[in-house]
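So the structure is just underneath, and the comments pick up after that.
Values in this text are rule-based calculations from the coordinates and carry no lab data. For clarity, every value in this text was computed on a predicted model and none was experimentally measured. No Cβ is skipped: glycine too gets one built from the backbone with ideal geometry, and neighbour counts run over all protein chains shown.
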Amino acid sequence: MFKEFKEFISRGNVMDLAVGVIIGAAFTSIVNSLVNNLINPLLGIFIGKIDLSSLVFKVGGATFKYGLFLNAVINFLIISFIVFLMMKGLNKLMPKPAPKPAEPKATPEELYLKEIVELLKEERQ
């Protein structure tokens, strides 16, 4: 079992995934800071206070804090949009891969030569 685990963990894809998760976690803190410290205050200027955390309703003994959920949804949408804009900008900066050259089409002479070779092979058999 240990040998199988060692083979699994040493695959390139697993290591790439681990690096991606670590960088993603670090990137999340940067994006959260961007949203909380720059984007939300900017939106607050135009829309007013965005904090909906005080919105609740009670049913029996249970308290449902739907305002916190709405805050999380708003933050998710803002973060998603910021990441979309950042990736769009990065894609413009990254060089696009060169298109694969098309295979050259056979000239009529080459096609005729192939037919002749095939006919000669058939006659020998």
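Centre-to-centre, using Cα atoms only, the stretch 52-86 and the stretch 22-37 are separated by 18 Å.
Using only Cα atoms, tell me the angle between helix 108-124 and the longest principal axis of the chain; keep it within 0 to 90° and round to the nearest 10. Helix 108-124 sits at roughly 60 degrees to that axis. Taking the inverse of the mean reciprocal distance over all distinct Cα pairs, the Kirkwood hydrodynamic radius of the stretch 2-96 comes to 16.9 Å.
In a simple Cβ point-charge model (Lys, Arg +1; Asp, Glu -1; nothing else charged), the chain has a dipole of about 840 debye relative to its Cα centre. Normalising the average separation of contacting C-alpha pairs (under 8 angstrom, six or more residues apart) by the number of residues puts the relative contact order of the stretch 2-96 at 19 percent.
Can you list the lysines whose alpha carbon sits under 24 Å from that of Lys114, skipping same-chain ones fewer than 8 residues off? In chain and number order, the partners are Lys105.
Selection among Leu85, Phe46, Met1 by position relative to the dipole of the chain gives Phe46 as farthest towards the positive end (Cβ unit charges, Cα centre). The HN-Hα couplings worked out from phi for the stretch 64-72 by the Karplus form 6.51 cos²θ - 1.76 cosθ + 1.60 (θ = phi - 60°) are 9, 9, 6, x, 5, 5, 5, 4, 5 Hz, whole numbers, x standing for Gly and Pro.
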